[in-house]
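The values are calculated or read from the model by the stated rules, or taken from the named source; none is laboratory data. Predicted model, so just to flag it, every value in this text is computed and none were measured. All Cβ positions, glycine included, derive from the backbone under ideal geometry; neighbour counts span all protein chains shown. In case anyone asks, the SASA skips ligands and DNA or RNA and just uses the protein heavy atoms, side chains included. Shrake-Rupley method; radii C 1.70, N 1.55, O 1.52, S 1.80 Å.
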Amino acid sequence: MTATDPARTKPSIVRVVGASLVGTTVEWYDFFLYGVAASVVFGDLFFPKGEQLTGTLLSFATFAVGFFARPIGGVVFGHFGDRLGRKNLLVLSLLMMGVATFAIGLLPTYAQVGALAPILLTVLRLIQGFALGGEWGGAVLIVSEHGDPARRGFWASWPQAGAPAGQLIANGVLAGLAAFQSEAAFDSWGWRIPFLLSAVLVLVGLWVRLKIEESPVFKEARDKQEPTDRMPLIEVLTRYPREVLTAMGARMAENVSYYIFTIVIATYAKEHLGLGKSFALNAVLIAAAIHFCAIPLWGALSDRIGRKPVYLIGAVGVGIWAFVFIALVDTKNFGLATLAVTVGLILHGAMYGPQASFFTELFGTRVRYSGVSVGYQLASIIAGGLAPFIAVALLKAYDSGYAISVYVAVCAAISILAVTLYSETRERDLTTL
């Protein structure tokens, strides 16, 4: 049988999608939990007391550190994933993420150990970033390489849905704690609970992931190809430089807009508008549920009309919506703020849904793990990693949310250009690349 035989693929792809979705949900829960906590409590707990936005900036600086570690994780996991297979590396990435997140829940604060507190926090954030750098590429590849090519956009979009699922759980746990605890109790010990709960989620994710099979496309390619001493990363950079740049450019609007709509809104609502912690957390909670449903629908649409048209809908949409977003949040009306986040995330889903299949179709099987990881994670440094820091800096400099809107619009223009200049990839055969 071939790797794409429907009789073989259907039961297998459901198991693989489930395992990938559970694993990515856990990993994104861990990663986003840090981002939400950085926006509401870490500035006070892990850094010297001072002007409020300065503490938040320092907190977001450690948030950005995780993104700088992601390309390194992408290179290392990509190298071994292209040599040894997708499955084992996915198990390792999940385990690393879980240990680091659990350890954050045990950290002493600045008041207890001084400068050692932010140092330990930064080290654990680096481990988180390294692990996530290897997670994304493996998760989307093992699904893309199992499924029916005609529905690749739909199936590959499900690991992407792990991002809003993780965000949903992270925000839900924090919002629940903030609602049922006093602010003093939450700041003292309540914030630790979601980090410690990560251990349970990781065990579930590992149990599911260990049951899946290796990618049939990878196994077929490995059996046919002669061994080579050439590093996959070197081959990616020499054979696929345009594809790497396309992936990086496409990610700018997607990555930046997501962190503005889900992370920065918490700081904006709290520090600029004087609203409570639960205002932004609850708005994102509702929007994330809708985002989870929208991503596979956009992925399915990309199977019908192509990756480029769907991706461009999202890039153009977030560039325009960023201005409406600020206007609605500025009303301090919870319903309008929720609408602002929800529409923003639906438009984000138009990029994030087809992104997995789009990036997978850019690279050949022998270096695909390295290629998608490098393109995706390099962009994370200049896009998502710096987005909260840049947004808060702009807010501090201009005292206006519309400065953040301009920032999102510029990133959207970069993504529109990158996607427009590359050819459609929907019809590409992964087994012949």
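Here the sum of -39500 (n - 2.57) over DSSP H runs of 4 or more residues, divided by the residues of the chain, equals -25500 deg cm²/dmol at 222 nm, to the nearest 500. For the range 334-390, list log₁₀ I(q)/I(0) at each q in 0.18, 0.21 Å⁻¹, using the Debye formula over Cα point scatterers of equal strength and ignoring solvent, two decimals each. The computed values of log10 I(q)/I(0) come out as -0.78, -0.91. Sorting 269-278, 148-157 by average packing, meaning the other beta carbons within 10 Å per residue, from highest down gives 148-157, 269-278.
Between the range 373-419 and the range 179-221, the C-alpha centres lie 28 angstrom from each other.
Which net charge results when you count Lys and Arg as +1 and Asp and Glu as -1 among the other residues whose beta-carbon is under 12 Å from that of residue 36? Net local charge, residue 36 excluded: +1. Which residues in the range 311-336 place their backbone N less than 14 Å from a point set 7 Å from the Cα of residue 273 along the Cα-to-Cβ direction? Answer for this model: 323-336.
Of the peptides 366-376, 86-96, the ranking by mean beta-carbon count within 10 Å, highest at the top, reads 366-376, 86-96.
Assuming a ≥ b ≥ c are the square roots of the Cα gyration tensor eigenvalues, decide whether the range 73-140 counts as rounded (a/c under 1.5), prolate (otherwise, with a/b larger than b/c) or oblate. Verdict is prolate for the range 73-140.
Among residues other than residue 81 with Cβ under 10 Å from its Cβ, the summed charge is +3 (Lys and Arg +1, Asp and Glu -1). Relative contact order of the range 297-392: 30 percent, from C-alpha pairs under 8 Å at least 6 residues apart in sequence.
Count Lys and Arg as plus one, Asp and Glu as minus one, and take only other residues whose Cβ is under 14 Å from that of residue 70; the net charge is then -1. Rounded to two decimals, the Cα radius of gyration of the range 256-405 over 2.2 N^0.38 Å is 1.11. With a 1.4 Å probe and every protein chain left in place, work out the accessible area per residue of the range 198-278 in Å², rounded to a whole number. The answer is 45 Å² per residue. Net length available on complete extension from residue 72 to residue 203 is 44.6 nm, with 0.36 nm assigned per residue and the Cα-Cα distance removed. With respect to the chain, whose longest principal axis is taken over its alpha-carbon atoms, helix 152-180 is tilted by about 20°. The listed peptides 201-208, 421-428, 158-165, ordered by packing as a protection proxy, come out as 158-165, 201-208, 421-428 (highest mean of other Cβ atoms within 10 Å first).
Against the chain, whose longest principal axis comes from its Cα atoms, helix 87-104 is set at around 10 degrees. Between the residues 324, 305, 334, the greatest Cα displacement towards the positive end of the dipole of the chain, with unit charges on the Cβ of Lys, Arg, Asp and Glu, is found for 305.
The stretch between residue 148 and residue 332, if pulled fully straight at 0.36 nm per residue, gains 61.6 nm over its current Cα-Cα span. Here the mean projected area of the convex hull built on the C-alpha positions of the chain is 18.8 nm².
In the chain, a dipole from Cβ-located charges (positive for Lys and Arg, negative for Asp and Glu) runs towards its positive end, and of 61, 194, 386 it is 194 whose Cα lies farthest in that direction. Enter the angle in degrees (range 0 to 90, nearest 10) between the Cα long axis of helix 241-259 and the first principal axis of the Cα atoms of the chain, meaning the one along which they spread out most. Helix 241-259 sits roughly 30 degrees off the main axis of the chain.
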